1. From the list ALA100, ALA109, ALA15, which one is of a type in the set (A, V, I, L, M, F, W, C), touching a residue at least 12 places away in the same chain (Cβ under 8 Å) and under 28 Å from ALA272 (Cα atoms)?
2. For the condition open to solvent by less than 60 Å² (accessible area, probe 1.4 Å) and without any contact (Cβ under 8 Å) to a residue 60 or more places away in the chain, what is the one hit in GLY176, GLY193, GLY180?
3. Among the listed residues THR55, THR60, which satisfies the condition of being farther than 19 Å from GLY185 by Cβ, part of a helix (DSSP H, G or I) and of a type in the set (Ser, Thr, Tyr)?
4. Can you name the number of the only condition in (1) of a type in the set (A, V, I, L, M); (2) open to solvent by less than 10 Å² (accessible area, probe 1.4 Å); (3) assigned to a loop (DSSP other than H, G, I, E, B) that ALA272 fails?
5. Working only within segment 183-201, note down all residues that are touching a strand residue (DSSP E or B) at 6+ places or on another chain (Cβ under 7 Å) and not in a strand (DSSP E or B).
6. For ALA234, are the conditions met, namely being in a helix (DSSP H, G or I), open to solvent by less than 10 Å² (accessible area, probe 1.4 Å) and modelled with pLDDT of 95 or more?
7. Quickly run through segment 20-54 and pick out the residues that are loosely packed, with under 15 Cβ neighbours inside 10 Å, over 17 Å from the mean Cα position of the chain (by Cα) and of a type in the set (D, E, K, R).
8. Of everything in segment 140-162, what is out of contact with any helix residue (DSSP H, G or I) (no Cβ under 6 Å at 6 or more places or on another chain), of a type in the set (Gly, Ala, Ser) and in contact (Cβ under 8 Å) with a residue 24 or more places away in the chain? Give them in sequence order.
Amino acid sequence: MILLQQVCAAAGLDARDAVRLAGRANAVYRLPHANAVARLRQTHNSPEWDRRMATSVKVTRWLAERDYPTVQPLDAVPQPVTVNGWTVTFWQYEPPGEDATSANATDLARLLRRLHTLQNPPIELPATDPLGSLPIDLHQHPEALTTQQRDWLLRRCADIAAAYPTAPMPPELDHGLIHGDAHTGNLIPTCGGYVVCDWDSVSHGSRAQDLIPSLYRVVRLGSPRSTWLEMCSAYGIDPDLEHHPGMQLLYRAREIRALAAYVRAASRSVAAKAELDKRMRTLMTGEDAIWHAPQGFQ
């Protein structure tokens, strides 16, 4: 909470009575006295991630001008704010609707289809990085893994990074503006419908990237197979595209990219460390195990 108070003071916002909303990849707080949400991401003073966070603010403003249902940044606050290796963005609070329900695969697919039909914004977009922040996190948190685990994961990262630039992607899913981390957990139910949040990974790349989290949730998190079929039907693609070599490469990247939050939290959370070790064991042995995603790290 001290960090939150520092960043809010730097932005001129009132942090009293802050309520923690999430705490895995990002620490997210509702600021009731500012009617706002603060999103804190540990970026280790990375200029690249600072640029990405700044881009998320610019793109969401552009999307809102086109009536795309997105969370909107606080206009009165200079963004992003960087304090002690954390990069923070501030957003307008979206209150849930009275009959709000969690989004499903069809809701996500329709919003992605709408996003993917938009022209490219007049904003310099970073190229999609399918590994996300994982390489940086491995460097910053060497204590999270054993030497054997770390060496294996670094080799997997290197293999994917080398293959990605020339990997063929499904022609049905051409390159353009993508969300970069599209899953139902990033849809907020409001009285006016769902709005899309967490634009930290917004970028220019194959639109296949935005479908991969749904496939990952089926294979690794135990979602029913029907959710992938519903996703593809609502988006308008053949579900057999999951077997395309490019999709398979992106899927393998997603599996290890999903380790990043656990790597960052392993030294302070028993639950994060246990889940990280389980995931590494199953990856290294090729085991088809179902993983679990704790709601937050204490």
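The values are calculated or read from the model by the stated rules, or taken from the named source; none is laboratory data. Here the structure is a predicted model, which means the values were calculated and not measured. Note that we place each Cβ from the backbone using ideal geometry, even for glycine, and neighbour counts take in every protein chain shown. Only protein heavy atoms, including side chains, enter the accessible area calculation; ligands, DNA and RNA are left aside. Shrake-Rupley method; radii C 1.70, N 1.55, O 1.52, S 1.80 Å.
1. Going through ALA100, ALA109, ALA15 in turn, just one is of a type in the set (A, V, I, L, M, F, W, C), touching a residue at least 12 places away in the same chain (Cβ under 8 Å) and under 28 Å from ALA272 (Cα atoms): ALA15.
2. Among GLY176, GLY193, GLY180, only GLY180 is open to solvent by less than 60 Å² (accessible area, probe 1.4 Å) and without any contact (Cβ under 8 Å) to a residue 60 or more places away in the chain.
3. Result of the check over THR55, THR60: THR55.
4. (3)
5. Listed by number, the residues that qualify are ASN186, CYS197, ASP200.
6. Details: in a helix (DSSP H, G or I): yes; open to solvent by less than 10 Å² (accessible area, probe 1.4 Å): no; modelled with pLDDT of 95 or more: yes.
No: the conditions fail for ALA234.
7. ARG20
8. ALA161
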